[in-house]
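So the structure is just underneath, and the comments pick up after that.
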Amino acid sequence: MRRVFLSPLWLIFSLPGYIGWRLLPALSVGPIAVCAGIVFLIAYCVVIPVSVRSRSFRNPRLAGVFSWIGLLSMGFFSSLFVFTLLRDIVLLGALVLLPAQQAASLSGPTARWTVALTAFVTLAGLLIARRRPRIINVDIPISGLPSALHGFSIAQISDVHVGPTIKRGFVEGVVARVNGLKADLIAVTGDLVDGSVGQLSAHTAPLSGLRARHGAFFVTGNHEYYSGERAWTTEIRRLGLRVLKNQHVVLSHDGASLILAGVTDLSAHHFDAAQHSDPVAALRGAPADAGARILLAHQPNSANAAAAAGFDVQLSGHTHGGQFWPWNLFIGFFQPFTGGLYRLKDLWVYVSRGTGYWGPPNRFGVPSEITRIRLVPAAP
């Protein structure tokens, strides 16, 4: 019984039922419009499951159309459910605080506002998601930072999620924007793809154009393991990025040394027992006199182990900052570090809100980002 209750199919079919029950009678529309609304809600139950399997379609164009329709529908109904729930809370409060007739008069207007606000959030979120990611500048103070490393810059991209709706054109724009920063180093902190190498290699190809003084580095995210991590590691290396799996490199920068390490995703051991994420192993054998020790780790929950291992900075992604309203209000219940710069003991943790998006093309209230990080000396 519990398994049935938690089934995704149960959720797919129950949400439109609740929405239709609460909104359609209150919209005061004719029987034809009610029937159209019911058909629309039923179509939702069909389109989303079909869109999930659209990658198996032989016709790529048809697969793309179904992906867009399904993912837009998913975002629309996600927001519609939240606004419908909020509407019911408002109406419940009105029943308590207002005369019955006056409270009842709110039913129609609130239903119309619910639909209008959902349409606005969906459209605005789509436009925000599809525009070029904004540049976020972050200075991280490091105690005892050698003068040669003052201003050392890292361009970070994370959670691009090349896949059903993010294609080559979007990736080309990201590469151009990153190269324009002229950073000393480029860090790609996982969840680059959502699909196989065969499906997406043409769309990730522009990453071969990433340019920085010390090169571009990559660590795996959980979605690489969903998409065939071994094949993607080979492909990413072919594109010229260096993949760090519980490893480090020592970079010489104007006479000072900097350690850049990377770990596999926290979930990696579920797919390959040999790839257990290990910040201690990533730092093993590194020189003790390096000017800074930086860890690339897809999930910010690696921070406790990174702090214990002795890193100065951890760069992560994974959370998307909640991606769009209202989920950005709840992400903090599941992630201690949701987006931005945090301090954990002697470790600085920066969490990117993501350069692309996953699932619904919606970033309402949580714009995507490319982050330019500079190392600066800590105040005495």
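The values are calculated or read from the model by the stated rules, or taken from the named source; none is laboratory data. Computed from a prediction, not measured in an experiment: that's the story for all the values here. Here Cβ is always computed from backbone atoms with ideal geometry, including for glycine, and neighbour counts include all displayed protein chains.
What to note about this one:
- All conditions but one from (1) more than 30 Å from PHE120 (Cβ to Cβ); (2) buried (at least 18 other Cβ atoms within 10 Å of the Cβ); (3) not hydrophobic (A, V, I, L, M, F, W, C) apply to ARG374; the one that does not is (2).
- Counted residues, the range 171-203 - those being in contact with an Asp or Glu (Cβ under 9 Å, 6 or more places away or on another chain) and either of a type in the set (Phe, Trp, Tyr) or in contact (Cβ under 8 Å) with a residue 40 or more places away in the chain (or both): 4
- Among the residues of this structure, SER201 does not count as one that is part of a helix (DSSP H, G or I), closer than 29 Å to ASP139 by Cα and assigned by TED's automatic domain parsing to the domain that holds SER147.
- Single unsatisfied condition, SER302 versus (1) modelled with pLDDT of 95 or more; (2) in a helix (DSSP H, G or I); (3) of a type in the set (Gly, Ala, Ser); (4) more than 20 Å from THR355 (Cβ to Cβ): (4)
- Boolean, PRO367 is within 30 Å of PHE66 (Cβ to Cβ) and in a loop (DSSP other than H, G, I, E, B): yes
- Residue within the range 178-196 that is out of contact with any helix residue (DSSP H, G or I) (no Cβ under 6 Å at 6 or more places or on another chain), within 27 Å of LEU62 (Cβ to Cβ) and not in a loop (DSSP other than H, G, I, E, B) present: no
- The set of residues in the range 132-162 that are small (Gly, Ala, Ser) and either under 16 Å from the mean Cα position of the chain (by Cα) or part of a strand (DSSP E or B) (or both) comprises SER153, ALA155, SER158.
- Restricting the range 119-161 to residues that are farther than 15 Å from GLU369 by Cα, in the same structural domain as SER196 (by TED's automatic domain parsing) and among the aliphatic types (A, V, I, L, M), the residue that is surrounded by the fewest Cβ atoms within 10 Å (Cβ to Cβ): ALA148
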